[in-house]
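To start, the structure itself, in structure tokens.
The numbers here are math on the coordinates, done by the rules we state, and not lab data. Bear in mind that the values here come from a model prediction, so they are computed numbers and not experimental data. A quick note on method: Cβ atoms are made from the backbone with ideal geometry, for glycine too, and the neighbour counts reach across all protein chains shown.
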Amino acid sequence: MAKVLNIKSSLFQENGQSSQLTDNFIASWKAKNPEDEIIHRDLVSEPVPHLSLEHFQAHNTPADSRSNKQSEIAELSDKLIEEISSADLLVLGIPMYNFNVPSNLHTYFDFIARAGVTFRYTESGPEGLLRNKKAVVFISRGGVYGDDHPQSNYLRQFLGFIGITDVEFVYAEGLAMGEEAKEKSLAAAKKRIAELM
């Protein structure tokens, strides 16, 4: 039995195209793998706060050396890391906002990137510690930008930094370029979902 972590970041929540694509994928996955556990995290209904100095210091203090206040502050980061660490498959629904990922996803990344926990520095450079996981990333965009874009490259770099290098990108692009382009793009994305099953 595998564990799947489904993370959504669309401001439109369930009505967002990236959210609907992850829902489509999860439904197909569940039909094929009924015993698997699905964990849902909506970063709009349950936002992660912006990283503050207090957060940063608490996150980087060993658990047995934290003050009571630091333990309380680090509780959310610990929970999020435990959640992603226990997952076998990560499914991300990500719209493009102003050429990049939504800020709510960025703050989530800030809370799971912890030295000595999800990555470490070695003599040969950084090493990701969340190994043996796969990620499927659904990206929705109003225009057409392709795979070689700063948003995709950032996601690829960050996930690789924490050890997740097996990443599949599924794009729904041109969603603001007319109804025909939108329907064609969404149909192609759903076809890709079927191919991934």
Hey, rough spin-label estimate for E123 and H50, points 7 angstrom out along Cα→Cβ, what's it come to in nanometres?
4.1 nm
Calculated diffusion of the range 1-97, Stokes-Einstein form, Kirkwood radius summed over Cα pairs, 20 °C and 1.002 mPa s, µm²/s:
142 µm²/s
Helix-derived mean residue ellipticity, 222 nm - over the chain, DSSP H n ≥ 4, -39500 (n - 2.57), to 500
-13000 deg cm²/dmol
I need the phi-derived Karplus couplings for the range 134-146: 6.51 cos²θ - 1.76 cosθ + 1.60, θ = phi - 60°, integer Hz, Gly and Pro marked x.
10, 10, 10, 10, 9, 10, 10, 9, x, x, 10, 10, x
Rg/Rh over Cα atoms for the range 42-134, Kirkwood Rh, comes to 0.98
What does the extension gain come out to for T165 and S65, with contour length at 0.36 nm per residue minus their alpha carbon separation?
32.7 nm
Grab the beta carbon distance between D148 and R41, set R0 = 35 Å, and tell me the FRET efficiency rounded to 0.05.
0.80
Just subtract the alpha-carbon distance of M197 and T107 from 0.36 nm times their residue separation and send over the number in nm, one decimal.
29.3 nm
List every residue whose amide H lies under 5 Å from the amide H of L175, counting only residues 5 or more places away in sequence or on a different chain, with H placed 1.01 Å from N in the peptide plane.
R141, G142, G143
Please report, ordered by residue number, every helix of the chain (full DSSP H runs) that is 20 Å or longer along its axis going by C-alpha atoms and whose mean Kyte-Doolittle hydropathy reaches -1.0.
17-32, 68-85, 179-196
Using the alpha-carbon centroid of each, what span in Å lies between the range 1-44 and the range 53-73?
31 Å
Length released on extending from E180 to S86, taking residue separation times 0.36 nm less the Cα-Cα span:
29.8 nm
Can you tell me, using C-alpha contacts under 8 Å and at least 6 residues apart, the relative contact order of the chain as a whole percent?
23 percent
